[in-house]
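Let me begin by presenting the structure, written as structure tokens, before commenting on it.
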Amino acid sequence: MHCPFCQHVDTRVIDSRVSDDGATIRRRRECEACGERFSTLETVEIKMPAIIKGDGRREPFDAKKLRRGFDRALHKRPVSEEQIEAAVRAVVHQARMTTERELPSRRVGEFVMAELRKLDHVAFVRFASVYRSFEDVADFREELDRLERDLPGEGQLPLLAADVVPIEKGKKR
């Protein structure tokens, strides 16, 4: 590893630590020529499949774009950052485990919908409405009915206002 300060070719590792999630190693290094210290991060580099868009274009897999999709669907929903990160990691893992060189974007969308269904039903319906191109209210109702029929919804907020217990004026939940 070259020193970023003097470009000397020899540096020595002073300390190594594995991250909490076990995905990276942080190494503290010291340049043998100038004595400056710096840190490096070591991660596994795995080739992700290319994504085939609906119009046939091919794009590299982009985890940041995936995260933005989750953020949009989960905007103002009671889901923690840790849960979102875990869902993004799960989708990346599923894409990686396909072992295919190219993956249709529809398949990635299915992975995302499966994770959103576990996290938050409202976010799931938001994502599904765009992903499945809902045309009218009937499409929404059909998806809501399927969701309510398939999942008990334990620990999640209700989907429809009829399921919400009214709050008396002046009282908080």
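A few comments on the model shown:
- Within the stretch 51-72, the set of residues being free of Cβ contacts under 8 Å to residues at least 24 places away in the same chain and part of a loop (DSSP other than H, G, I, E, B) comprises Asp55, Gly56, Arg57, Pro60, Asp62.
- Criterion (touching an Asp or Glu at 6+ places or on another chain (Cβ under 6 Å) and within 18 Å of Arg68 (Cβ to Cβ)) met by exactly one of Ala123, Ala95, Ala128: Ala128
- Residue in the stretch 76-122 that is nearest to Asp20 (Cα to Cα), counting only those that are of a type in the set (Asp, Glu) and in contact (Cβ under 8 Å) with a residue 24 or more places away in the chain: Glu115
- Across the stretch 22-37, the qualifying residues are those that are hydrophobic (A, V, I, L, M, F, W, C) and either in a strand (DSSP E or B) or within 29 Å of the chain's Cα centre (by Cα) (or both), and the one among them that is surrounded by the fewest Cβ atoms within 10 Å (Cβ to Cβ) is Ala23.
- Counting only residues that are in contact (Cβ under 8 Å) with a residue 12 or more places away in the chain and not in a strand (DSSP E or B), the stretch 1-20 holds 7 of them.
Every number here is computed from the coordinates shown, using simple stated rules; none is lab data. Since this is a predicted model, take the numbers as computed values, not measurements. Because the Cβ atoms are built from the backbone with ideal geometry, glycine has one as well, and the counts that use them run over all protein chains shown.
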